[in-house]
Structures are given as structure tokens and as C-alpha cells.
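Heads up, the thing below is written out as C-alpha cells.
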Amino acid sequence: GIQVEQSPPDLILQEGANSTLRCNFSDSVNNLQWFHQNPWGQLINLFYIPSGTKQNGRLSATTVATERYSLLYISSSQTTDSGVYFCAGLIQGAQKLVFGQGTRLTINP
Amino acid sequence: EAGVVQSPRYKIIEKKQPVAFWCNPISGHNTLYWYLQNLGQGPELLIRYENEEAVDDSQLPKDRFSAERLKGVDSTLKIQPAELGDSAVYLCASSPQRRSSYNEQFFGPGTRLTVL
């Protein structure tokens, strides 16, 4: 079955809006990471968040491991926030990172 | 601190030709990964190295793909011969991971391969 599932697949917002991206993960997955893939293809680490809440500027993330989901919040969106956001988790016992399909975020000026 | 370095950034070849990609991980990171990313999808693991040992190559198509990390630092991924379906982005990542614990992975900029 699907081990890491992201929603929504696409999100289009105006500059200044807030957004919430969701990642559901199966029982066999833990050690969540959030990445931003910019238009040039570079995967940029946002958060390593197995559980709890972290904040970095306009971005924050929360993982509720017991309920198998993680949320990425982006406040006051800027056009440079555009790109694809991936969550990824480690398959327990295999030391293998499995990615979701991503959420493509477009921030219009 | 320098990040993961990959070269070349772009490569265009004709089918049946060989191609090689190079990766230099973050200094001190003993674990190195090669991923394949097809258009519109998330990366998928091809091979994982702990120092110079390939500890997980179950997803590597061994009929045409090979990889090496001879001194436990730099790594090379090779395809011979390339097929049209190999067109994708090849990503290298590293982490300071030990077998008994997990640390986050850091990715290089990738090599975009186009096979004509």
C-alpha cells in the first residue's frame, strides 16, 4: 500500500496567503523530513521532524507520529516559495527513505 | 560547509551510449545514496553505501547500472548502455548515518540525463 501520501497535489495561491500541506504515512514509516524542490531541481531540507513541532521563519511543521501525519505550514507566502514540496519517511528496518508524490505550490504575485 | 557536489549537471546522450555521474558527499558523511527521480514523481532509492560497502542495492538495475565508492568518499554511478527510459534526474545524497541510528539526508543538485 501507499506508504507516504501527500495532499493536495497542486496548490495555487496569491502572494501573502497562508498554506497547509499534509503528509500521511503508514505504520512502517518514521523519521519524517520535509523538502522543497526549487525550479532548478535542488532538494532543500526544510525540516527533519520525527515528532513534535518546529519553526523556521515563515515555515513551521508538526508531526503527530501516533496519528501518522505531518503538516507543513507556510505563512505570508512569497513567489520564491513556489516549487514542489516533498515529505519523506524512513522505512523501518530498511534504512530506506521513501518519498511522497509531492505538492506543487504556485505563488502568484 | 560545502554541500553535496554532483557533476555533470546536465547530460545529453544517444541511446546505447554509456554515461557516468559523479558525486562528492558532505565531508564526514559516511553514508551515500543515489536516487532516481522521474518527472512529476518523488525520488526513489537506487543504492546506499556505508563507507565503501553497498549495503542496499536491491533497486539498482544491475544489467545496465553499476556504482562504486572505492575509497568511501566519492562515488560514481554508471549506465551502460543507456536506454530512452533512463531519461531522468539522478540525485546523490549523504548523511552521517550509522547503522544503528538515522540522521537526515542532504541532497546534491542532481544530474539531468536526456537519452535521445
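The single residue among B:Gly110, B:Gly85, B:Gly42, B:Gly3 that is in contact with a Phe, Trp or Tyr (Cβ under 6 Å, 6 or more places away or on another chain) and closer than 30 Å to A:Pro9 by Cβ turns out to be B:Gly42. I'm checking my understanding of the structure. Among residues of the stretch B:20-56 that are over 24 Å from A:Val84 (Cα atoms) and touching a Lys or Arg at 6+ places or on another chain (Cβ under 6 Å), which one is modelled with the highest pLDDT? It comes out as B:Ala20. Considering A:Gly41, A:Gly52, the condition of being more than 10 Å from chain B (Cβ to nearest Cβ) and either loosely packed, with under 15 Cβ neighbours inside 10 Å or of a type in the set (Gly, Ala, Ser) (or both) is satisfied by A:Gly52 alone.
Consider the stretch A:95-109. How many of its residues are within 14 Å of another protein chain (Cβ to nearest Cβ), over 16 Å from B:Gln105 (Cα atoms) and assigned to a strand (DSSP E or B)? Adding up the residues that qualify gives 2. Restricting attention to the stretch A:85-94, does a residue exist that is away from chain B (no Cβ under 14 Å) and open to solvent by 10 Å² or more (accessible area, probe 1.4 Å)? No, the conditions are met nowhere in the stretch A:85-94. Taken over the stretch A:25-35, the residue count meeting the criterion of being touching a Phe, Trp or Tyr at 6+ places or on another chain (Cβ under 9 Å) and more than 11 Å from every other protein chain (Cβ to nearest Cβ) is 1. At least 1 residues being among the polar types (S, T, N, Q) and open to solvent by less than 40 Å² (accessible area, probe 1.4 Å) is the threshold, and among the strands (runs of 3 or more DSSP E) wholly inside the stretch B:1-110 those reaching it are B:5-7, B:31-37, B:75-79, B:88-95. Restricted to the stretch A:61-82, and to residues there that are open to solvent by 10 Å² or more (accessible area, probe 1.4 Å), in a strand (DSSP E or B) and over 17 Å from A:Asn18 (Cβ atoms), the residue that is nearest to the other protein chains (Cβ to nearest Cβ) is A:Tyr69.
The values are calculated or read from the model by the stated rules, or taken from the named source; none is laboratory data. As the structure is a computational prediction, the values presented were derived from the model and not from experiment. Every residue, glycine as well, gets a Cβ built from its backbone with ideal geometry; the counts of neighbours run over all protein chains shown. Protein only, heavy atoms only, side chains kept; ligands, DNA and RNA dropped before computing areas. Shrake-Rupley method; radii C 1.70, N 1.55, O 1.52, S 1.80 Å.
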